[in-house]
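Enquirer: Submitted below is the structure of interest, expressed as structure tokens.
The values are calculated or read from the model by the stated rules, or taken from the named source; none is laboratory data. For clarity, every value in this text was computed on a predicted model and none was experimentally measured. When we count neighbours, we look across all protein chains shown, and the Cβ atoms used for this are built from the backbone with ideal geometry, even at glycine.
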Amino acid sequence: MALLAHRRGLDAVEIILALRTPLYDLHVALGARLVDFGGWDMPVAYGSQIEEHHAVRRAAGVFDVSHMCVIDLHGARVREFLRELLANDVARLTRPGKALYGCMLREDAGIIDDLITYFLDEQWFRLVVNAGTREKDLAWIRGRAEPFGVEVRERRELAMLAVQGPQARAALAALLAPNEARSAMALESFFGAQLGAWFVARTGYTGEDGFEVMVPAAAAVDLWQRLNERGVRSCGLGARDTLRLEAGMNLYGSDMDESNHPLESGLAWTVAFQPGDRAFVGRAALERARTAADGAKLVGLLLADRAVMRSHQRVLSPAGEGQVTSGTFSPTLARSIARARVPAAAAAAGGEVQVDVRGKPFTARVVKPPFVRHGRSLVEL
């Protein structure tokens with residue numbers, strides 16, 4: 001941890017503990033530009049952010065995602081517990097290793113976090129939650145797990161790397177023993193498996209194929225360097241953000257948070273309303289939101305002009321005002337793209353809205369994300 005002191009007024013000093021992943025010293029040695037991200041010192045880029053972005057779209061890149069929180073849940077009633085805790089339904093997980101994306105909600109359906117759940121066996125599920133929500137997530141889960149007799153174990157001894165891009169799976173598999181490599185390459189999308197000391201999952205946050213791999217923290221630096229030796233480029237949070245936005249993936253704290261519910265956050269597909277008698281947390285509030293006629297929607301925006309949409313900019317339409325939740329310049333499309341929450345009447349794909357960019361209105365077309373997947377544009381430019 002690093003100590004950061006910020007002076008408030010003349011005589012009060014606030015001390016902040018900056019968290020570091022097991023790869024921190026390597027990031028420094030590689031010349032990464034480090035930033036605070038959810039209380040963690042994380043690499044935003046090692047050089048050109050755009051080159052890192054293109055490396056993932058065209059070949060392979062590796063990201064440090066060890067700041068994410070891995071939580072193992074154990075107990076005879078763990079499946080029953082998760083069916084109440086999550087808006088998506090873990091009853092859909094019937095094959096060991098299968099993963100499920102979804103949200104953990106408050107009673108009012110505000111999104112506490114979005115997360116991935118892995119089914120490992122009938123008494124063992126694994127959650128991967130966001131770094132910035134680690135403490136509140138753990139408190140919420142532990143508070144609700146106790147009546148079910150579920151043990152909640154945070155796996156701080158694990159590091160996590162994301163290896164992404166069309167050549168990523170082959171690059172990682174080449175570092176495994178032959179039998180484990182065959183198992184890794186055979187993994188279906190959204191499945192994970194324990195392969196020796198590594199937990200390898202065919203998941204990601206870039207819109208490209210690849211793996212997310214959890215390894216003992218002491219092994220993380222060696223794995224990163226061996227991937228670099230095989231031509232996998234070191235990539236930072238900057239490229240990860242442009243990649244995920246091109247892929248139409250939400251960022252917690254920007255595109256949704258506790259003030260939004262899944263139906264207005266482009267995540268209706270992650271809510272399992274059937275069976276109708278499953279009483280998950282937030283269900284009653286979501287049922288009311290389903291019948292509301294004036295709800296907001298999260299949409300994609302594509303700008304033709306040479307300007308860049310950014311978070312919090314106003315979106316104007318005849319149906320009312322909205323707001324950009326995430327915006328950037330898309331290196332793949334050479335256009336500005338965004339996610340925006342707008343009135344439902346303004347959410348139809350193909351329609352147009354005005355975005356206030358530094359006091360000047362620019363016309364943006366409403367599109368259905370994703371913008372890019374597997375290196376290909378999915379929107380008409």
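Enquirer: What do you reckon, is A239 buried (at least 21 other Cβ atoms within 10 Å of the Cβ) and either touching a Leu at 6+ places or on another chain (Cβ under 7 Å) or over 18 Å from T133 (Cα atoms) (or both)?
Expert: Criteria met by A239.
Enquirer: Right, another one. Which one is modelled with the lowest pLDDT among residues in segment 39-54 that are more than 19 Å from F329 (Cα to Cα) and out of contact with any helix residue (DSSP H, G or I) (no Cβ under 8 Å at 6 or more places or on another chain)?
Expert: G39
Enquirer: Just need a number here: residues in segment 144-190 that are more than 20 Å from D121 (Cβ to Cβ) and assigned to a loop (DSSP other than H, G, I, E, B).
Expert: The qualifying residues number 10.
Residue-by-condition table, conditions (1) free of Cβ contacts under 8 Å to residues at least 40 places away in the same chain; (2) closer than 29 Å to R57 by Cα; (3) surrounded by fewer than 22 Cβ atoms within 10 Å (Cβ to Cβ); (4) over 17 Å from the mean Cα position of the chain (by Cα):
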{"position": "E122", "(1), (2), (3), (4)": "no, no, yes, yes"}
{"position": "F125", "(1), (2), (3), (4)": "no, no, no, yes"}
{"position": "G143", "(1), (2), (3), (4)": "yes, no, yes, yes"}
{"position": "E146", "(1), (2), (3), (4)": "yes, no, yes, yes"}
{"position": "E157", "(1), (2), (3), (4)": "no, no, yes, yes"}
{"position": "L161", "(1), (2), (3), (4)": "no, yes, no, no"}
{"position": "Q164", "(1), (2), (3), (4)": "no, yes, no, no"}
{"position": "A168", "(1), (2), (3), (4)": "no, yes, no, yes"}
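Enquirer: Still on this model: State the number of residues belonging to segment 268-291 that are at pLDDT 95 or above, out of contact with any Gly (no Cβ under 9 Å at 6 or more places or on another chain) and more than 13 Å from D108 (Cβ to Cβ).
Expert: So the count comes out to 10.
Enquirer: Name the residues in segment 202-229 that are aliphatic (A, V, I, L, M) and within 30 Å of L378 (Cβ to Cβ), would you?
Expert: Result: V213, L227.
Enquirer: When you look at A345, is it touching a strand residue (DSSP E or B) at 6+ places or on another chain (Cβ under 8 Å), aliphatic (A, V, I, L, M) and modelled with pLDDT under 95, yes or no?
Expert: yes
Enquirer: Could you tell me whether segment 352-375 includes any residue that is assigned to a loop (DSSP other than H, G, I, E, B), in contact (Cβ under 8 Å) with a residue 40 or more places away in the chain and among the hydroxyl-bearing types (S, T, Y)?
Expert: no
Enquirer: Of all residues in segment 264-290 being closer than 19 Å to P369 by Cα and free of Cβ contacts under 8 Å to residues at least 60 places away in the same chain, which is surrounded by the fewest Cβ atoms within 10 Å (Cβ to Cβ)?
Expert: W269
Enquirer: Does R240 satisfy the condition of being of a type outside the set (A, V, I, L, M), closer than 15 Å to M160 by Cβ and not assigned by TED's automatic domain parsing to the domain that holds W140?
Expert: yes
Enquirer: Test each condition in (1) farther than 24 Å from M160 by Cα; (2) out of contact with any strand residue (DSSP E or B) (no Cβ under 7 Å at 6 or more places or on another chain); (3) touching a residue at least 24 places away in the same chain (Cβ under 8 Å) for K297 and report the one that comes out false.
Expert: (2)
Enquirer: Please go through segment 199-226 and give me each residue that is of a type outside the set (D, E, K, R), touching a helix residue (DSSP H, G or I) at 6+ places or on another chain (Cβ under 8 Å) and outside any helix (DSSP H, G or I), ordered by number.
Expert: Matches in segment 199-226: V200, Y205, T206, G207, G210, F211, V213, V215.
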